[in-house]
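*Asks:* This is the structure I have questions about; it appears just below.
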Amino acid sequence: MSNSYDKIASRDPNEKEFLQAVHEVFESVKIVLDRNPEYRKASILERIAEPERIITFRVPWMDDRGDIHVNRGFRIEMNSAIGPYKGGLRFHPSVTLSILKFLAFEQVFKNALTTLPMGGGKGGSDFDPKGKSDAEVMRFCQSFMLELQRHIGHNTDVPAGDIGVGGREIGYLFGTYKRIRNEFTGVLTGKSLNWGGSLIRPEATGYGSVYFASEMLATRNETLKEKTCIISGSGNVAQFTAEKILELGGKVITFSDSSGYIYDEAGITREKLKYIMMIKNIKRGRISEYTDKYPDAVYTPLDSSLDYNPIWDHKADCAFPSATQNEINLKDAENLIKNGVYVVSEGANMPTMPDGVDLFIDKKILYGPGKAANAGGVSVSGLEMSQNSMRIKWSREEVDNRLQQIMRRIHRACIDAAEEYGTPGNYVNGANIAGFVKVADAMLDQGLV
């Protein structure tokens, strides 16, 4: 394993996020390779960590003043052993090749865990839709799709939304694809409900992470009722994580964005959550505005001089990191445990740094890694693909029931794989092993491709 990882690290030494994700998976599957030498003989590790295709392109667009800008577009088609590439598009200034490769790599195993026939991919641009007019976002999306349309299709690669790509952006992207290709197909997921979208899709990642936490708690004969929960982020994932926690009787005390976080000791009720949704979804404002209406809450601005994030330093039972990668370092993890947190269910992708993960595992808390806990989003994307293919529409209750069943199966797959390979209760190993074995077996079946 070390030799395989060292080769990848020497080839891509500056891709720290990608190497972090690869190292975690490789560490988990060492025992799998020892029991199954055919994986080593077929160089599965080397092949699974190398994208099948990387597409990079320029995206020129014009702003409302007539000035021309150029951004960079990407699509990483990582692995198609079990189905068409599937994964979101991210529009954010932080987008780099390393981040998209890490996300695509994680997506391969996440999609395998869902039991749906989807391979793994990811894409996006360093374009920032914040502060742009609808017309500017439309022109950017049209330019982006002029190139992307050459590489995607409902049986080839089916992108979805991610950070910076919501219903507005998906609409502009889909409209451009339809006009260029002269076809109405399920080439994108996250579409509006009245033209092919699925119910529960905006809620799915947040709901799924709560369902996964509930499954973990059930192993100790507990539920989320009366549990105090810390949530980071304030986008779709955080909002619908909070909604489902409240529905199940839990209490939410925090939300955050890139400027800072709010702490509401009394709890964020449904009415307060509705106000947050208005701030973030309609006004596209900052979370600090929450204290204008609810002055008893405390807003803490981001302080980059600190070596920890104070959002993780509050008394609670559960934490749902739902903002971005590597938002929990070792000190944050220590603070969480010190304050009584014993359930962590990741709504974001790889939000906990490796030493924080090691601490969670060492302390034997209920820790659900992102590739398992936040698989609800791509699961409902897969259900949207199924509905598009069959030209039908399922009810909200049916989609939600299917989502719960999928999250239950993912939890069971993690438990079973961890036990089979000698690390019972280790959801990191369980998720990595269960996803890896499914993809590796498909790769063996299909030969050297």
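The values are calculated or read from the model by the stated rules, or taken from the named source; none is laboratory data. Just so you know, these numbers come straight off a predicted model, no measurement behind them. Cβ atoms come from the backbone with ideal geometry, glycine included; neighbour counts cover every protein chain shown.
*Asks:* Under the condition of being over 18 Å from the mean Cα position of the chain (by Cα), touching a residue at least 60 places away in the same chain (Cβ under 8 Å) and not in a loop (DSSP other than H, G, I, E, B), which residue from the range 413-428 is surrounded by the most Cβ atoms within 10 Å (Cβ to Cβ)?
*Replies:* Ala413
*Asks:* Looking at the range 55-63, can you tell me whether even one residue there is under 21 Å from Ala21 (Cα atoms) and at pLDDT 95 or above?
*Replies:* For the range 55-63, residues under 21 Å from Ala21 (Cα atoms) and at pLDDT 95 or above: present.
*Asks:* Also, I was wondering about something else. I'd like to check something: does the range 179-193 contain any residue that is in the same structural domain as Glu77 (by TED's automatic domain parsing), within 19 Å of Lys274 (Cβ to Cβ) and free of Cβ contacts under 8 Å to residues at least 40 places away in the same chain?
*Replies:* Within the range 179-193, none of the residues are in the same structural domain as Glu77 (by TED's automatic domain parsing), within 19 Å of Lys274 (Cβ to Cβ) and free of Cβ contacts under 8 Å to residues at least 40 places away in the same chain.
*Asks:* Among the residues that make up the range 194-203, is at least one of them outside any loop (DSSP other than H, G, I, E, B) and of a type in the set (A, V, I, L, M)?
*Replies:* No, the range 194-203 contains no residue that is outside any loop (DSSP other than H, G, I, E, B) and of a type in the set (A, V, I, L, M).
*Asks:* Could you count how many residues in the range 119-170 are modelled with pLDDT of 95 or more, out of contact with any helix residue (DSSP H, G or I) (no Cβ under 8 Å at 6 or more places or on another chain), farther than 18 Å from Thr185 by Cβ and of a type in the set (Gly, Ala, Ser)?
*Replies:* 3
*Asks:* Same structure, new question: Could you run through the range 195-242 and say how many residues are of a type in the set (A, V, I, L, M) and in contact with an Asp or Glu (Cβ under 7 Å, 6 or more places away or on another chain)?
*Replies:* Total satisfying the criteria: 1.
*Asks:* Working only within the range 346-362, note down all residues that are of a type in the set (D, E, K, R) and either buried (at least 17 other Cβ atoms within 10 Å of the Cβ) or within 17 Å of Leu224 (Cβ to Cβ) (or both).
*Replies:* Residue satisfying the conditions is Glu346 alone.
*Asks:* Could you list, in sequence order, the residues of the range 95-111 that are touching a Phe, Trp or Tyr at 6+ places or on another chain (Cβ under 8 Å) and over 21 Å from Gly73 (Cα atoms)?
*Replies:* Once the filter is applied, which keeps residues that are touching a Phe, Trp or Tyr at 6+ places or on another chain (Cβ under 8 Å) and over 21 Å from Gly73 (Cα atoms), the range 95-111 yields only Phe109.
*Asks:* Something else now. Between a residue in the range 109-130 that is closer than 20 Å to Ile44 by Cβ and any residue that is assigned to a loop (DSSP other than H, G, I, E, B) and of a type in the set (Ser, Thr, Tyr), which pairs come within a Cβ distance under 7 Å, given they are 6 or more apart or on different chains?
*Replies:* Here the result reads Gly119/Ser80, each pair linking the range 109-130 to a residue that is assigned to a loop (DSSP other than H, G, I, E, B) and of a type in the set (Ser, Thr, Tyr).
*Asks:* So which residues in the range 265-290 are surrounded by 20 or more Cβ atoms within 10 Å (Cβ to Cβ) and assigned to a loop (DSSP other than H, G, I, E, B)?
*Replies:* Listed by number, the list holds a single entry, Ile268.
*Asks:* Of the conditions (1) touching a Lys or Arg at 6+ places or on another chain (Cβ under 8 Å); (2) surrounded by 21 or more Cβ atoms within 10 Å (Cβ to Cβ); (3) not charged (D, E, K, R), Phe184 clears all except one; give me its number.
*Replies:* Here Phe184 clears every test but (2).
*Asks:* Within the range 319-345, restricting attention to residues that are within 19 Å of Gln239 (Cα to Cα) and in contact with a Ser or Thr (Cβ under 7 Å, 6 or more places away or on another chain), which residue is surrounded by the fewest Cβ atoms within 10 Å (Cβ to Cβ)? Write out each step before concluding.
*Replies:* We begin by selecting, within the range 319-345, every residue within 19 Å of Gln239 (Cα to Cα); these are 319-325, 327, 343-345.
If we keep only those that are in contact with a Ser or Thr (Cβ under 7 Å, 6 or more places away or on another chain) as well, we get 320-323, 327, 345.
Working: Phe320: 31, Pro321: 35, Ser322: 30, Ala323: 24, Glu327: 22, Ser345: 30.
Selected residue: Glu327.
*Asks:* Within the range 394-424, which residues are farther than 16 Å from Tyr367 by Cβ and either at pLDDT below 95 or among the β-branched types (Val, Ile, Thr) (or both)?
*Replies:* Scanning the range 394-424 gives Val399, Ile406.
*Asks:* Can you name the number of the only condition in (1) part of a helix (DSSP H, G or I); (2) within 30 Å of Ser304 (Cβ to Cβ); (3) within 19 Å of the chain's Cα centre (by Cα); (4) of a type outside the set (A, V, I, L, M) that Ser256 fails?
*Replies:* With (1) part of a helix (DSSP H, G or I); (2) within 30 Å of Ser304 (Cβ to Cβ); (3) within 19 Å of the chain's Cα centre (by Cα); (4) of a type outside the set (A, V, I, L, M) applied to Ser256, the lone miss is (1).
*Asks:* Could you check the range 337-368 and list, in sequence order, the residues that are farther than 22 Å from Gly208 by Cβ and acidic (Asp, Glu)?
*Replies:* Answer for the range 337-368, where residues must be farther than 22 Å from Gly208 by Cβ and acidic (Asp, Glu): Asp355, Asp358, Asp362.
*Asks:* Filter the range 198-227 down to the residues that are surrounded by fewer than 21 Cβ atoms within 10 Å (Cβ to Cβ) and polar (S, T, N, Q) and list them by number.
*Replies:* Scanning the range 198-227 gives Thr219, Asn221, Thr223.
*Asks:* Right, next: Would it be correct to say that Arg150 is part of a loop (DSSP other than H, G, I, E, B), on the phi < 0 side of the Ramachandran plot and assigned by TED's automatic domain parsing to the domain that holds Pro321?
*Replies:* For Arg150, the condition - part of a loop (DSSP other than H, G, I, E, B), on the phi < 0 side of the Ramachandran plot and assigned by TED's automatic domain parsing to the domain that holds Pro321 - is not met.
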